[in-house]
Amino acid sequence: MSKLKEFLSKAVAMADPSDLVAGASVTIKYFFSHPVTVMYPFEKREFSSCAKGVLALIPDKYGDDLCIGCMQCVKICPVDCLTVEMRKLSKEELLGRKFEEKKKKALIPTFEVDLQRCMLCSLCVEICPTDALEMSQTVTLIMTNREDQVLDRMRMLELGKDTQRYRNRLAAGEIECEAIQCPEPKHKD
Amino acid sequence: METGTVGAFLEPGEKEGDFILNMGPQHPATHGVLRVILRTEGENVVDCDSDIGYLHRGQEKTAENLPYVEFTPYTDRLDYIAAPAMNLTWVEACERLLQLEVPERAKYIRVIIAELTRLASHLLWLGTHAMDIGALTLFLYCFREREMVLDLFEGFGGARLTTHIFRVGGLPNDLPKGWLEDLEAFLDLFPSRLSDYHKLLTKNRIWLRRTKGIGVVTADECVDWGLSGPLIRGSGIALDLRRKQPYEIYDRLDFDIPTQEEGDVYARYLVRMEEMNQSLRILRQCVDQLPSGPFIGKVPKRLKAPKGELYHATESPRGEFGFYIYSDGGTQPARVKIRAPSFINLQALPVLIRGALLADVVAVIGSIDIVLGEVDR
Amino acid sequence: MAETHDKEAGASVEPDGPTELPQEPSAGSNSASQEEVGGESLDTNSASASEMAGGMSAIKGEEEVTPEGEQTGSAGNESVPVEAKPGEEASTKETVAPEEPPKAQAQEKSAEEASPKGTVAPEEPPKALPQEKSAEEASPKGTIAPEEPPKALPQEKSAEAEPGEEVVVLEERKPSAKPPVSASKMPRKTAAPRKRPVRRPKKVVKAPEKEPSGFVRDVAAAHSEIVADVYNRYGEDTIVVRSGGYHSLCRHLRDQAALRFDYLSLLTGAHYVGTEPRCEVVLELYSTPYNRRVRVKVLLPAEAPSVDSVADLWPTAGWQEREAYDMLGIHFHGHSDLRRILLPQYWEGHPLRKDYPWRGFRERSEEILQERLAKIPLETETKPYSFD
Ligand code: SF4
Ligand code: SF4
């Protein structure tokens, strides 16, 4: 008798479609909603303004970098991917310099970052005493060979110009960036 | 001493029909590069052994050769699904070792990020676990919500996966403008999504049959095998370091430790689902109580730890994650040992799948929720 | 230990290859280059040099108390990791010569390593010179000769250097440096300790120590013949046990009704420089009924460390002991399955021992690998399946 009861209850449970209906209702609900995906190559999502991209050198108003060659970034980098060379200016050079108002007493002939090693941890950016380094918004740097992965000073300054422009626009309120891109799908399909 | 040889993991059995089956390391259901060698009798798994180390990067040796601050980004690479949780353990251990004070606001924000990490990690677990068992739809839904959490990480720390989101002494920056509103929007949205997952799985007959009574581990076995996280809580022991040995501000927060008695895959599923709910509770309390103030404390430039050793553990999404640090008085630790919950939970795999069917192995491995970056270190 | 050291010294190509006991070669090359550089740039920016000397001695003051032997040990220990960093071959010979007598260089290495961070004011580039990794060097007129860390491309660099500048390339220096060094080192060891300038002792941060908890003291009193030491640092109780009584103490900790340390959080080994004995096994125990932790330590000798396995008490120790064996070469008696776990079975050496160099141990070319693989009998050979 008990066996029969058990069987009957099992049969009722099997016949009860409530679990399947509940599941199907969810999928059907989302079937009629907008997609949340972004069609990548044609559409690109905005990064948050804090997003950490490739390392950039922020230029000053003369287009020179702000680095004073203190080497703190080189020292703190966990993977040793920065190469900085510093040349102190001699007295004569300091006097005959083009831009007298500049405080910098050193030239930076080399500033390189090896993108193959850099893990974008931003420790170097935080330790820099003159805010010469910054994480840019650029993440897609396509290169065809390894040597190009080592960004030299000029390319880092170029990236820095973009970053500066971006920061200025952000400060002026021309663009706004939100942390969450898609709590609810915003775009139309 | 005689050590094992290549490939000598399991001997084939005596009986006819016994079989050695190799699973992985390229098997998608092993969630990485785990190789499991199974001895089967027909469909039943009799014994198993795991071959790990494919992802070994010598993290402990690296830690011994880097100053305390510089190892923080490396901890992201341990459990890359829940990177902020690894960061948190490391910076807390360093702060205890170097006796640094952390401001209140930083503590609250750390807890917010840690709980978001738990959400993100459990969402990824839920999606992949359900997909392993056959529910493909949920995978996409879970990733949609996980994406929002990652967006929050990106808004705060700048990166999505390997975040490097905490610093020794506090945080790298304060919360950006509008971040809390975004978080609240997410908190409002997420409970409905969570109920959707419940609707899809919790009562689903296929799900129940695939998970109930599979991979049972008793409470005593859990303690013996040192299991932690949802595994031990799914067997009826409320061992959660957030409650048992509170760190940060968890002692001030009101939340429950969900437990289940059965100790099977389904129980672990329920525990993790309820944990997501509790995380939401914690997040709401943190957002309400968030004090103002500085976000980083006073950190000396040259960190030199006194001679001594400590073990600091936190409750990561996968269980008790800890660092044992021995300092000989220098700027670098002399020995760092990483207590990885996945490593120790994975060890109990033979206990969990002994006697199970071959098809259940995938369900059991999924329910342990391993991350190979942490197993192999 | 000694033999491994010899082997490495022979095998390693870099001058500062051996990670262990580096004070002889590395301090040698260091002091030599210091002399040489000092000879060359006697009229260097004296401000920066004295600045650096001041920084060094300030830090030295903190270590003054310890006896000489220990000090060299710790200095060596501390400098190990830095030695192994890339760009370090460059840095050892690039450090700017401070105007210091060549005494006690080994001891000061650690101080020197640490000093730039402490003393350098970043706004003033001249002071920033003595950075270790910074490939730079002061030359008489304040120009700096760039010297490359090894990762950069040397040819391009030398081409880039402008012709008009004074460029001092230090590449050839390192090998010739050794003989004078050892000569200069000899008198230092034998001579009576020189008088050092009296300085205020620097505040040394200590690990917070407390009285051990009651239950730990009870255990120590009950097992005084096997418990070597009991202390509480950072609020964590530690029992140091002699290797003979290790297993019985663990059993006691697990089974005693008043202790019940039934949960093994962590088992690991360690290998140190500068402590005696040099190996240890550490257990982190947790008691689920009482919610408390205790740490058990066994000190072991560095040569062939071995200890009883506790895998019979806590099954979870199985893999962790395998890992300790794999990484540190500690043998666990009574372990049923002591294989390597993370590294492949054919691996040689135990990487977490301090005498295992951080990099450049051996060129692991394909041939060597194949050679080793050929030696190992493959037990599970793939045979073509026959359908008969
Ligand atoms: S820390 Fe800043 S100023 Fe110093 S070397 Fe690096 S980029 Fe230049
Ligand atoms: S971001 Fe990190 S890894 Fe990259 S250069 Fe800076 S410190 Fe080095």
What number goes with the only condition from (1) in contact (Cβ under 8 Å) with a residue 12 or more places away in the chain; (2) more than 13 Å from the chain's Cα centre (by Cα) that B:L116 does not pass?
(2)
Could you grab me the full set of residues in the stretch B:201-259 that are closer than 30 Å to A:V26 by Cβ and of a type in the set (D, E, K, R)?
B:K203, B:R205, B:R209, B:R210, B:K212, B:R233, B:D256
Filter the stretch C:232-247 down to the residues that are outside any strand (DSSP E or B) and farther than 18 Å from C:G214 by Cβ and list them by number.
C:Y234, C:R242, C:S243, C:G244, C:G245, C:Y246, C:H247
Hey, A:A11 touching a helix residue (DSSP H, G or I) at 6+ places or on another chain (Cβ under 6 Å) and either in a helix (DSSP H, G or I) or within 14 Å of chain C (Cβ to nearest Cβ) (or both) or not:
no
Filter pass, A:V36 being outside any helix (DSSP H, G or I), at the interface with another protein chain (Cβ under 7 Å from one of its Cβ atoms), more than 16 Å from ligand 1 (Cβ to nearest atom) and more than 18 Å from the chain's Cα centre (by Cα):
yes
Identify, please: which residue in the stretch B:16-63 is small (G, A, S) and away from every other protein chain (no Cβ under 12 Å) and is, among those, farthest from B:Y80 (Cα to Cα)?
B:G17
Tell me the residue from A:D65, A:D80, A:D131 that is at pLDDT below 85 and away from chain C (no Cβ under 12 Å), please.
A:D65
Does the stretch B:277-299 include one or more residues that are out of contact with any Phe, Trp or Tyr (no Cβ under 6 Å at 6 or more places or on another chain), within 30 Å of C:T275 (Cα to Cα) and either touching a residue at least 12 places away in the same chain (Cβ under 8 Å) or away from chain C (no Cβ under 14 Å) (or both)?
yes
Show me the strands (runs of 3 or more DSSP E) found entirely inside the stretch B:283-350 where at least 3 residues are of a type in the set (A, V, I, L, M, F, W, C).
B:319-327
Say whether the condition of being more than 18 Å from the chain's Cα centre (by Cα) and either assigned to a helix (DSSP H, G or I) or without any contact (Cβ under 8 Å) to a residue 40 or more places away in the chain (or both) is met by at least one residue in the stretch B:160-169.
no
Identity of the residue in the stretch C:237-259, basic (K, R) and surrounded by fewer than 17 Cβ atoms within 10 Å (Cβ to Cβ), that ends up nearest to the other protein chains (Cβ to nearest Cβ)
C:R251
Look at the stretch B:132-159 and say how many of its residues are assigned to a loop (DSSP other than H, G, I, E, B) and surrounded by fewer than 17 Cβ atoms within 10 Å (Cβ to Cβ).
1
Filter the stretch C:261-282 for residues that are facing chain B (nearest Cβ under 10 Å) and closer than 25 Å to B:K244 by Cβ; which is surrounded by the most Cβ atoms within 10 Å (Cβ to Cβ)?
C:L267
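With a cut-off of at least 3 residues that are buried (at least 22 other Cβ atoms within 10 Å of the Cβ) and of a type in the set (G, A, S), name the helices (runs of 4 or more DSSP H) lying wholly within the stretch B:50-110. Before you say what the answer is, go through the steps one by one.
On the way: elements: B:59-64, B:72-75, B:83-98.
Answer list for the stretch B:50-110: B:83-98.
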Out of all the residues in the stretch B:228-239, which are facing chain C (nearest Cβ under 9 Å) and touching a Gly at 6+ places or on another chain (Cβ under 7 Å)?
B:S228
Check B:D220 against each of (1) modelled with pLDDT of 85 or more; (2) under 26 Å from B:N345 (Cα atoms); (3) in contact with a Phe, Trp or Tyr (Cβ under 9 Å, 6 or more places away or on another chain) and name the one condition it does not meet.
(3)
Against the definition (modelled with pLDDT of 80 or more and more than 14 Å from chain B (Cβ to nearest Cβ)), how does C:V216 come out, yes or no?
no
Is it fair to say A:K52 is more than 14 Å from chain C (Cβ to nearest Cβ), within 16 Å of ligand 2 (Cβ to nearest atom) and basic (K, R)?
yes
Can you confirm whether B:Y247 is surrounded by 20 or more Cβ atoms within 10 Å (Cβ to Cβ) and in contact with a strand residue (DSSP E or B) (Cβ under 8 Å, 6 or more places away or on another chain)?
yes
Inspect all residues belonging to the stretch A:118-141 and state whether any of them is more than 13 Å from ligand 2 (Cβ to nearest atom), free of Cβ contacts under 8 Å to residues at least 24 places away in the same chain and of a type in the set (A, V, I, L, M).
no
In the stretch B:26-59, anything modelled with pLDDT of 80 or more, out of contact with any Leu (no Cβ under 6 Å at 6 or more places or on another chain) and more than 17 Å from B:P350 (Cα to Cα) is listed as B:Y54, B:R57, B:G58, B:Q59
Count of residues meeting criterion [within 13 Å of ligand 1 (Cβ to nearest atom) and either free of Cβ contacts under 8 Å to residues at least 24 places away in the same chain or over 17 Å from the mean Cα position of the chain (by Cα) (or both)] in the stretch A:49-86:
22
Candidates B:G170, B:G178, filtered to the one that is assigned by TED's automatic domain parsing to the domain that holds B:I113 and crowded, with 18+ Cβ neighbours inside 10 Å:
B:G170
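The values are calculated or read from the model by the stated rules, or taken from the named source; none is laboratory data. Owing to the predicted nature of the structure, the values given are computational and were not obtained by experimental measurement. Cβ coordinates were reconstructed from backbone atoms using ideal geometry, including for glycine residues, and neighbour counts include every protein chain displayed.
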